[in-house]
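Encoded as structure tokens, the structure appears first; notes follow it.
The values are calculated or read from the model by the stated rules, or taken from the named source; none is laboratory data. Note that this is a predicted model, so its numbers are computed, not measured. In this analysis, Cβ positions are derived from the backbone assuming ideal geometry, glycine residues included, and neighbour counts consider all displayed protein chains. Surface areas here come from the heavy atoms of the whole protein model, side chains and all, with no ligands, DNA or RNA. Shrake-Rupley method; radii C 1.70, N 1.55, O 1.52, S 1.80 Å.
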Amino acid sequence: MKRHVVATIDGEHAEFLCDDGQTLLDVLRDVLHRTGTKEGCGTGDCGACSVIVDGRLVCSCLMLAAEVEGREVETAISISNGDTLHPLQRRFLEDAALQCGVCTPGFLVAAKALLDRNLDPSESEVRFWLAGNLCRCTGYDKIVRSVLETAAELRGGTG
Amino acid sequence: MQYWSPGSIEEAVGLLSETGATTRALAGGTDLLAQIRIGGQAPERVIDLKRIPELGRIDVDAQGFRIGAAVCSAEIGEHEELRAAWPGVVEAAELIGSTQIQGRASLGGNLCNASPAADSVPALIAAGATCTLAGPDGRREVRVEDVVLGPGQTSLALGEIVVDFRLPRPQYRTGDAYLRLIPRSEMDIAVVGAGVCLSLDRDGHCTACRVALGAVAPRPILVAGAGEALVGHAVEGDALAALSAAASAATDPIDDMRGTRDYRIRVAGVMARRAAVIAAERAASRV
Ligand SMILES: Cc1cc2nc3c(=O)[nH]c(=O)nc-3n(C[C@H](O)[C@H](O)[C@H](O)COP(=O)(O)OP(=O)(O)OC[C@H]3O[C@@H](n4cnc5c(N)ncnc54)[C@H](O)[C@@H]3O)c2cc1C
Ligand code: FES
Ligand code: FES
């Protein structure tokens, strides 16, 4: 029998049916068709599936969909305001902080979670915070720079 | 696989005590769900412990700290009072995985997964932490070092769960520290982990010391001889060398891609010594 789950996803009331064994990642992609969240490894190592649940950054591949009953889930989709990009997204594009893009939604969710807590992180803080997000294309430098520049921009500096 | 999320300890213990179906407790799932994914073998039922209020809170009172077994590491790291009292335990919890893993990984899961390399376990053992177990026969209090028996094996009875970890308020001039060596700076499994908790008298002589090691034996170990080597002495010179030698001598590590047996034996002594120095600095800074 399918389980009926009610949660808030990207600010909207959401109801879905799932199997008890299905991960949140599988439900986001295959049931709700919110494919902004990506799967890299499925075992917690790459961070492509990062989402925020009740304010905490987690891997949606290591969480059962049934666990989000009554909880609030934020995915990469809610980072932009409709068609208006979040400064992080704009910087990623301007700085070429992505190539294939598979890791990008995870990096954006994780970076936003950092900036929501700390608008003035050091480079080392950014690197440690993002250590659970793997990128096979960019070599990380442009990603880290984009995050630092966005932080500066949001603090009101010139970036 | 069936998912259950009981709201009370009694209900969870009841579900976990039923035989006839393979049943596993679920906390953060960072071990369990990853193992299911890799091994392909799911239990028939998982019992989520995170909706049980007692397991999801950190409480502080005159006696000390009660850390719910399902509290995630990120929350432990945010608890300023706990960090001030037990910096070694908190730094060990904060070493577990990435930011994403921190948002889920619990001390109960780290202990009950029973990996020899679990980071929080040596720190908890050194600090003298106990844990409360609840099972079909009621509750009991055990020392953390008595829980893990070997890789993947614990002393918990059928249906038993870890409810919480208890730490006293630290004694006069007591400090703890945890150090881990990994091949890179984040996201790897310990080659060696060393937890030390020690107390100093007014003159800086050690009055008590506990040393615990991870990743160098089939289970995390308390090395009584290493702690005793320091008692009565200042935290320096020959006494530290004796602590280091006793730590190395107590190990029985494996060879793997992260380090050879000989390397681990030597590094265990080095990490124990360095952790002792940090613990002593912390103890000395307390009045
Ligand atoms: C990418 C990644 C990196 C990691 N890095 C580290 C690391 O650096 N250091 C480290 O030590 N570990 C690491 N781990 C392992 C894991 O995150 C930790 O062991 C974590 O503390 C497990 O906690 P959990 O709450 O997720 O446990 P779960 O996966 O929910 O449970 C683990 C086991 O314990 C049992 N269990 C859980 N809670 C209880 C309870 N209260 N009572 C009885 N049984 C219980 C479960 O049945 C299961 O067998 C990593 C894992 C991943 C995926
Ligand atoms: S897909 Fe979840 S961490 Fe890689
Ligand atoms: S852009 Fe391809 S993995 Fe990061």
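Here are a few things to note about the model shown:
- Shape of chain A, Cα gyration tensor, a/c cut at 1.5: prolate
- Taking a ≥ b ≥ c as the square roots of the eigenvalues of the Cα gyration tensor, an a/c ratio of 1.5 or more together with a/b no larger than b/c marks the protein assembly as shown as oblate.
- Solvent-accessible area per residue, Å², over the protein assembly as shown with all protein chains present [probe radius 1.4 Å]: 42 Å²
- Placing R0 at 22 angstrom, the Cβ-Cβ distance between residue B:8 and residue A:69 gives a FRET efficiency of 0.80 after rounding to 0.05.
- Residue among B:256, B:31, B:201 with the largest mean-square fluctuation in a Gaussian network model of chain B, springs linking Cα atoms under 10 Å: B:256
- With Cα atoms, 0 to 90° folded angle of helix A:104-117 axis to chain A main axis: 70 degrees
- Computed over protein heavy atoms with a 1.4 Å probe, the carbon and sulfur contribution to the accessible area of chain B reaches 51%.
- Additional length obtainable on full extension of the chain from residue A:116 to residue A:4, 0.36 nm per residue less Cα span: 37.2 nm
- Inter-label distance, residue A:154 to residue B:62: 4.5 nm, where each label sits 7 Å from its Cα along the C-beta direction.
- Take each residue in A:131-142, count the other chain C-beta atoms within 10 Å of its C-beta, and the mean is 2.
- Candidates A:66, A:14, A:111: whichever shows maximal mean-square fluctuation once chain A is modelled as a Gaussian network with Cα springs under 10 Å: A:14
- Peptide-level mean, for B:100-111, of C-beta atoms on other protein chains within 10 Å: 5
- Prolate/oblate/rounded call for region A:36-95, Cα gyration tensor, a/c under 1.5 rounded: oblate
- Cβ-based net charge around residue B:243, under 13 Å, with every Lys or Arg adding one and every Asp or Glu removing one: 0
- At least 20 Å² of accessible area lost relative to the chain alone, listed for region B:1-16 with a 1.4 Å probe: B:1, B:3
- The share of accessible area on region A:2-78 that comes from carbon and sulfur is 43 percent, using a 1.4 angstrom probe.
- Label zone of residue B:284 (point 7 Å out along Cα→Cβ, amide N under 17 Å): in region B:211-243 this covers B:230-241.
- For chain A, the relative contact order is 22 percent, taking Cα pairs closer than 8 Å that sit 6 or more residues apart in sequence and dividing their mean separation by the residue count.
- For region B:210-287, applying the loop criterion from DSSP together with a ceiling of 16 other beta carbons within 10 Å to the GluC sites (Glu not before Pro) yields B:236.
- Multiplying the residue separation of residue A:123 and residue A:12 by 0.36 nm and subtracting their alpha-carbon distance yields 36.5 nm.
- Inter-part distance where region B:188-247 and region A:16-78 are each reduced to a Cα centre, Å: 43 Å
- Buried on assembly, region B:24-64 (at least 20 Å² less accessible surface than by itself, 1.4 Å probe): B:33, B:34, B:37, B:51
- Choice from B:187, B:271, B:257 showing the highest fluctuation, given a GNM over chain B with Cα pairs closer than 10 Å: B:257
- Interface residues of region A:64-91, defined as those with an accessible-area decrease of at least 30 Å² between the chain by itself and the complete set of protein chains (probe 1.4 Å), are A:64, A:67, A:71.
- Between chain B and chain A, the total buried accessible area stands at approximately 2200 Å², from heavy atoms with a 1.4 Å probe.
- Between helix A:141-155 and chain A there is an angle of about 80 degrees, using the helix long axis and the longest principal axis of the Cα atoms.
- Between residue B:146 and residue A:81, the simple label model (points 7 Å from Cα in the Cβ direction) yields a spacing of 5.9 nm.
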